[in-house]
Amino acid sequence: MQTPCIHVCSIDPETGLCMGCGRTLPEIGGWMSFSDEERRRLMTLLPARLAASRLAIPLQPTTQVTAEHRA
């Protein structure tokens, strides 16, 4: 099952949205009972919802350490 969860689970008290995925508590709680179509529809709305709320947590670039860098 597809999910927008990025494991940054914190509800913004002003908007009621999860700061990681942009869902509301009822959407998070009902996710397993939603149909595939309902989940797809909601997932298409989440990026704009997060952008509009300015809650999106920017992803930090990761650095891979190679054997060359360890030496």
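Somewhere in the range 51-62, is a residue open to solvent by 60 Å² or more (accessible area, probe 1.4 Å), polar (S, T, N, Q) and at pLDDT 95 or above? Within the range 51-62, none of the residues are open to solvent by 60 Å² or more (accessible area, probe 1.4 Å), polar (S, T, N, Q) and at pLDDT 95 or above. Of the residues that make up the range 22-32, is at least one of a type in the set (Phe, Trp, Tyr), open to solvent by 30 Å² or more (accessible area, probe 1.4 Å) and at negative phi? No, because not a single residue in the range 22-32 is of a type in the set (Phe, Trp, Tyr), open to solvent by 30 Å² or more (accessible area, probe 1.4 Å) and at negative phi.
The values are calculated or read from the model by the stated rules, or taken from the named source; none is laboratory data. Fair warning: this is a prediction, and the values are worked out from it, not measured in the lab. Protein only, heavy atoms only, side chains kept; ligands, DNA and RNA dropped before computing areas. Shrake-Rupley method; radii C 1.70, N 1.55, O 1.52, S 1.80 Å.
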